[in-house]
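What follows is one structure encoded as structure tokens, with my remarks underneath.
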Amino acid sequence: YYETDVLKNYNDGDNNPDLQWGEQVHEAMAKRCQTSTALPDGYPLWYEGWAAKVLAGGGEVFTELELAIDDKFGPAPWFGDKDRRTGQLMGPQPWFRSKVDLVKKVGNIALVVDWKTGKILEDSFQLALSAACVFAKWPEIVAIRASFVWLKEDAESSETFHRTDMPQMWRTLWPRIGALTASHQSLSFPPQPGRMCRKWCKVVSCPNHGKSFSN
């Protein structure tokens, strides 16, 4: 994280066919769901099935949404505004950003979809954070079904969030946020072993590089 996201010494997209394929799929699914543009030839038939399932029943559809919230959990622009003359910050400033693949609104209920092209890896907090941004953008929304659609596996994992769930979600997540904040302030990022170390991490200077871990 420190090498790639803070120092930006590596670009994970360079010559990575899996990431390039993922970007192509996201673009194609966005066009299919927003404009009914057919999926390119060669895509598995079940990709179309997932698009049709998501769109069934009507509703307002939004794709590739860039959503942000401020530190008070209210809506914020993706980039903060500044006074051009003084350089002072103006209005809400983005504290957390989430790019949401698809949102479908039906009355005061919403469906949030995150297309996944890799192996199944559950992360309920990612779904919850996306839901928080959607709740902030549309105050009328009271409940959200948020789903990972695992296109490669033709599978889905979902959770339902109510607006009243958000305070508890933030309380649960806050220790992780505090630890990340402290790391940024101290520039202390101890190496953490993980499942990406053996094959996928580019940071060869890390003592965990090339080793196998189950987490």
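Since every read-out is calculated from the coordinates, none of them should be taken as a lab result. Just so we're clear, the structure is a prediction, and the values are computed from it rather than from any experiment. Cβ atoms come from the backbone with ideal geometry, glycine included; neighbour counts cover every protein chain shown.
Please report the relative contact order for the stretch 114-196, taking Cα pairs under 8 Å with a sequence separation of at least 6, and give it as a percent rounded to a whole number.
28
Based on the Cβ-Cβ distance from Q24 to W138, what FRET efficiency comes out when R0 is 35 Å, to the nearest 0.05?
That gives a FRET efficiency of 0.75.
Could you let me know the centre-to-centre spacing of the stretch 100-121 and the stretch 17-46, using Cα atoms, in angstrom?
If you average the Cα positions of each part, the centres end up 15 Å apart.
Would you give the gap between the C-alpha center of the stretch 183-215 and the C-alpha center of the stretch 126-182, rounded to a whole Å?
When both Cα centres are located, 26 Å separates them.
Please work out the FRET efficiency for the pair Q93 and E48, using the Cβ-Cβ distance as r and a Förster radius of 30 Å; give the result to the nearest 0.05. Present the calculation step by step, with values, prior to reporting the outcome.
On the way: r = 41 Å, r/R0 = 1.35.
My answer for the efficiency is 0.15.
Could you tell me which label, among [x] 16.8, 53; [y] 19.2, 55; [z] 18.0, 58, carries the value of Rg and Dmax of the Cα atoms in Å calculated for this structure?
Calculated Rg and Dmax of the Cα atoms in Å: the matching label is [y].
Among 62-73, 167-178, how do they line up from the highest to the lowest mean number of other beta-carbon atoms within 10 Å?
Descending packing order for the listed peptides: 62-73, 167-178.
Once you place label points 7 Å from the Cα toward the Cβ at N16 and S158, how far apart are they in nm?
Simple spin-label model gives 3.0 nm for this pair.
Determine how many Å³ per residue the convex hull of the Cα atoms of the stretch 35-124 encloses.
Dividing the Cα hull volume of the stretch 35-124 by its residues yields 175 Å³.
Are there chymotrypsin sites (Phe, Trp or Tyr not before Pro) in the stretch 1-55 that DSSP marks as loop and that have at most 16 other Cβ atoms within 10 Å, and which are they? Present the calculation step by step, with values, prior to reporting the outcome.
On the way: sites: Y1, Y2, Y10, W21, W46, Y47, W50; in loops: Y1, Y10.
Loop-located and lightly packed - Y1, Y10.
Karplus couplings for the stretch 35-51 from phi (6.51 cos²θ - 1.76 cosθ + 1.60, θ = phi - 60°), rounded to Hz, Gly and Pro as x?
10, 6, 5, 4, 5, x, 4, x, 6, x, 4, 6, 4, 5, x, 5, 4
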